[in-house]
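First comes the structure, then the notes that go with it.
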Amino acid sequence: MSIDTPYEPQIPPPGEPCPDPLTQLVTVQQLADRLGLSTAAIRQALHVGAAWLPRPDGRINGGAVWRSATLVGIEDTPRRAPGRPRREVPELAEPSAQPES
C-alpha cells in the first residue's frame, strides 16, 4: 500500500473469516439490523443487562462495539417477546353440582 492509495478494507465472502480487525467490529446499528430489532431495543438490553446480549468488547465514540467472534450464534439465542408479559389469570373453578336439601 502506498501513500497515494486510500485504505480499503478486505471484505471476504460470506462465511469466511475476516482478516481485517477493523471490519470485525459490530456496532449497535449493525447488531440491530442483524437481529431485526431497533437500536433502542439493543441499548435497552445493554442497560438492563439482558442475559441474551453479551457485554460489549469495547466502546468507540461512546457506542458499544463487539467483536464478530463474540456474537457468533446470537441469532439462535432465545429472547423474550417484545412488550409487557401477559398477566397470569387464574382459572375459575366450576361450580359444584350438589343437590339442594
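Order these by the 10 Å Cβ neighbour count, fewest first: D57, D76.
Lowest count first: D76, D57.
Which shape class applies to the stretch 23-74: rounded if a/c is under 1.5, otherwise prolate when a/b exceeds b/c and oblate if not, where a ≥ b ≥ c are the square roots of the Cα gyration tensor eigenvalues?
Cα axes put the stretch 23-74 in the rounded bin.
With 10 angstrom as the radius, rank T70, T27 by how many other C-beta atoms surround their C-beta, starting from the fewest.
T70, T27
May I ask you to sort V89, V48, V26 by Cβ crowding, counting other Cβ atoms within 10 Å and putting the fewest first?
Lowest count first: V89, V48, V26.
Where a number appears in this text, it was derived from the coordinates with a stated rule and is not lab data. Just so it is clear, the model here is predicted, and its values are computed rather than measured. Positions of Cβ are backbone-derived with ideal geometry, glycine not excepted, and every protein chain shown enters the neighbour counts.
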